[in-house]
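**Q** My questions will all concern the structure given below.
We did not get these values from a lab; they are worked out from the coordinates using the rules stated. No experiment lies behind these values; they were computed from the predicted model shown. Neighbour counts run over all protein chains shown; Cβ positions are idealised from the backbone, glycine included.
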Amino acid sequence: MGSGDETDGNRGNGDEPDDGRADERSTVDTAGTLLGDITVDNLDQSAHTIDVIVEFDRTIEAWATEALEAGGGTTLERNWPSEPGQFRVTVRVDQSEPVEVTPADWNEPSCLNLFVRIDRDGALTVLSDTSSGPGSADDGSSDDTSA
């Protein structure tokens, strides 16, 4: 028996065929978002230290601290789940106030790659790419994730 929270208004009225997939259709979009790559760049003329914390289901999966030289950057090693889920990424520069982002900030895409940028004034900006990188249609990987 369902919870009654999800309905299309027609369920159970006998007008639609029961193909056994009704529950599957109602949960297709609830799996979450795949977190792809996180790239950090320092465009400032000064070196900075950046912390990036990745949480899935309120559990810290990765915490990276990167010392970035002026003009430097890196892509973080992917130490977080490779399956879609609910996550939060928190970033901060030089022990300043943290900035938190979730897939909801970008309308819950199926895949989200993040670009963490320290601009020329030392300010932090988090940008996204939902159309390329791991998990997107053009990443060149197959759907087979077995090793």
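**Q** Ordered by packing density, taken as the mean number of other Cβ atoms within 10 Å over each peptide's residues, highest first, how do 110-116, 77-83 rank? Could you put the intermediate results ahead of the total?
**A** Values: 110-116: 21.3, 77-83: 13.6.
The densest-packed peptide leads the list: 110-116, 77-83.
**Q** A further question on this structure: Given a Förster distance of 25 angstrom, what is the FRET efficiency for D57 paired with D119, based on the Cβ-Cβ distance and rounded to 0.05?
**A** On the way: r = 32 Å, r/R0 = 1.28.
Efficiency computed from Cβ-Cβ geometry: 0.20.
**Q** Collect residues whose amide H, placed 1.01 Å from N in the peptide plane, falls under 5 Å from the amide H of L34; neighbours closer than 5 in sequence don't count.
**A** Amide H neighbours of L34, under 5 Å, 5+ apart: G85, C111, L112.
**Q** Spelling out what I want: for every residue of the range 35-43, take phi, set θ = phi - 60°, compute 6.51 cos²θ - 1.76 cosθ + 1.60 (Karplus), and round to whole Hz; glycine and proline get x.
**A** Listing the rounded values in order: 8, x, 7, 10, 10, 10, 10, 10, 8 Hz.
**Q** Could you tell me how far the Cα centroid of the range 89-128 sits from the Cα centroid of the range 32-70, in Å?
**A** Result: 8 Å between the Cα centres.
**Q** Here's a follow-up. In sequence order, what are the phi-derived ³J(HN,Hα) couplings for the range 105-111 according to the Karplus relation 6.51 cos²θ - 1.76 cosθ + 1.60 with θ = phi - 60°, rounded to whole Hz, with x for glycine and proline?
**A** 5, 10, 6, 6, x, 6, 9
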